[in-house]
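Okay, structure first, notes after.
The values are calculated or read from the model by the stated rules, or taken from the named source; none is laboratory data. Remember, it's a predicted structure, so these values are computed and weren't measured experimentally. Methodologically, a virtual Cβ is constructed for each residue, glycine included, from the backbone with ideal geometry; neighbour enumeration extends over all protein chains shown.
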Amino acid sequence: MQNDERDDKPDASLDYGAPPEREDETLLIAGHQFGGQAAQDAAAAEPEAPMPQVPSTLPRVEPGFSPPPAGFRGLITALRVRRAAPTQFVIAVLCGLLGFFAVVQLRLQADDNNLRTARQSDLIRILDDLNDRSERLDSEVRDLEQRRSELQSGSDRSKAALSEAQDRRSVLGILAGTVPARGPGILLRIVDSQQKVDAAVLLDTLQELRDAGAEAVQINDVRVVASTDFLDAAPGSVQIDGVVVTAPYLFKVIGDPDTLDPALRIPGGVFAVLGERGATPTVETRRQVTVDATRPAADLDYARPSETN
Amino acid sequence: MIGALGLMVGIALGLVFDPTVPVWMQPYLPIAVVAALDALFGALRALLDGIFSDKVFVVSFIANVLVAVLVVFIGDRLGVGGQLTTGIIVVLSIRIFSNVAAIRRHLLSA
């Protein structure tokens, strides 16, 4: 690295280098010479000798002194125990303090969090941040709660609408004859022994039943609805909604049996007419009548539901 | 040698006693430690340069720590403690790096 070269200049050497004329220095250098007593004596013999002022990093040229060993050898020499001067103890104490407090600081940092070591301004900033964040989260909570209640009420409303729509669909399906129906009612059997029962008589019978509150009606295998038509066919048979139905005719009627049965028997009513034509009607009251014939739903070409009721 | 011994003893004491640092001291402790580390690396470099002096090391060690802590303390009083801490850490780090570079050249000749 080019920048490192700058460090080699003498003035760049930091303030721990002592001028070479110090006594400590000579002792140190004597130590480099493997601590021989003779060398120490030599150093002590000329402590006043004028030392040349050479830059510290240049090789020394003093007589009697070898240049300071560099590299690993120098380090090993420096680590060798020398005489215990008071300053050595001070150095040891300082190094000990450094190690001690470095460990203390490391322990401190490794502690739970570093809030304890933070400055007051930093703490205030952290607190502000936390407050802001908590406010944001609070408002988010409010928004979400509002949305939840909206969704809940919306789902309640749509659930109610759905169940209402399902109810109406089944009612309308029974009325339109698109779904099977069951309930209390009567079975009316007309045995047409003289083949004189025609469409008009059957229609009268149906009207009488409707007047009496019949809700779903089936004649043999044909579901009867509002638009059902009756046509005369061959004797002993009637064409209902285009389907030829032959005697005997079986009416499956859902409604109040206690109303339907008397309605058929009123004087001059259905039974009287049928009797005149030589037919034998029989009525059975049932707690459960199943109207299982259905007809397809009519597709409307023109009529559409109106928005206003 | 005796310095390395002291360092180890200090580390051991810190590990054993695990003292609690008073609150007023907490902002200054890391600065003091880094300043002392700087002094230590400078001493190591001077040792390898052959110009090490016990007295200079002791004085520079104490002065380094005191000045660093004092500057941060004044900065705290002036309300720029955080910035001054950063500045001192940067300066000390640069010195440590250059010292380590010199030590590296001595030991590895590279």
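Things worth noting here:
- B:VAL72 meets each of the listed conditions (1) surrounded by 15 or more Cβ atoms within 10 Å (Cβ to Cβ); (2) within 10 Å of another protein chain (Cβ to nearest Cβ); (3) aliphatic (A, V, I, L, M) apart from (2).
- In a residue-by-residue description of segment B:45-61, the property of being more than 19 Å from A:ALA102 (Cα to Cα), small (Gly, Ala, Ser), surrounded by 16 or more Cβ atoms within 10 Å (Cβ to Cβ) and more than 7 Å from chain A (Cβ to nearest Cβ) applies to no position.
- Entry remark, segment A:162-177: residues being under 11 Å from A:ALA216 (Cα atoms) and either assigned to a loop (DSSP other than H, G, I, E, B) or modelled with pLDDT of 90 or more (or both) number 1 in total.
- Boolean, A:ALA297 is over 17 Å from A:LEU203 (Cβ atoms), of a type in the set (Gly, Ala, Ser) and either not assigned by TED's automatic domain parsing to the domain that holds A:LEU206 or not in a loop (DSSP other than H, G, I, E, B) (or both): yes
- B:SER109 hydroxyl-bearing (Ser, Thr, Tyr), free of Cβ contacts under 8 Å to residues at least 60 places away in the same chain, farther than 23 Å from A:THR87 by Cβ and surrounded by 14 or more Cβ atoms within 10 Å (Cβ to Cβ): no
- Of all the residues in segment A:241-259, those that are part of a strand (DSSP E or B), within 59 Å of the chain's Cα centre (by Cα) and not aromatic (Phe, Trp, Tyr) number 4.
- One residue stands out among those in segment A:206-226 that are touching a residue at least 40 places away in the same chain (Cβ under 8 Å) and in a strand (DSSP E or B): the one that is surrounded by the fewest Cβ atoms within 10 Å (Cβ to Cβ), which is A:VAL222.
- Residue identified as closer than 30 Å to A:ASP122 by Cα and modelled with pLDDT of 90 or more among B:VAL90, B:VAL23: B:VAL90
- In segment B:10-25, the count of residues that are over 15 Å from A:PHE100 (Cα atoms), in contact with a helix residue (DSSP H, G or I) (Cβ under 7 Å, 6 or more places away or on another chain) and either facing another protein chain (nearest Cβ under 8 Å) or in a loop (DSSP other than H, G, I, E, B) (or both) is zero.
- The one condition in (1) crowded, with 18+ Cβ neighbours inside 10 Å; (2) touching a residue at least 40 places away in the same chain (Cβ under 8 Å); (3) in contact with a Gly (Cβ under 9 Å, 6 or more places away or on another chain); (4) facing another protein chain (nearest Cβ under 10 Å) that B:ALA102 fails to fulfil: (3)
- Just one of the listed residues (B:LEU66, B:LEU84, B:LEU107) is over 30 Å from B:VAL23 (Cα atoms), assigned to a helix (DSSP H, G or I) and in contact with a helix residue (DSSP H, G or I) (Cβ under 9 Å, 6 or more places away or on another chain), namely B:LEU107.
- Counted residues, segment A:163-205 - those being touching a helix residue (DSSP H, G or I) at 6+ places or on another chain (Cβ under 9 Å), surrounded by 20 or more Cβ atoms within 10 Å (Cβ to Cβ) and under 19 Å from A:THR290 (Cα atoms): 5
- Residue among A:ALA102, A:ALA110 that alone is surrounded by 12 or more Cβ atoms within 10 Å (Cβ to Cβ) and modelled with pLDDT under 90: A:ALA102
- Qualifying residue in segment B:30-37 (condition: β-branched (Val, Ile, Thr), surrounded by fewer than 16 Cβ atoms within 10 Å (Cβ to Cβ) and either at the interface with another protein chain (Cβ under 7 Å from one of its Cβ atoms) or in a helix (DSSP H, G or I) (or both)): no
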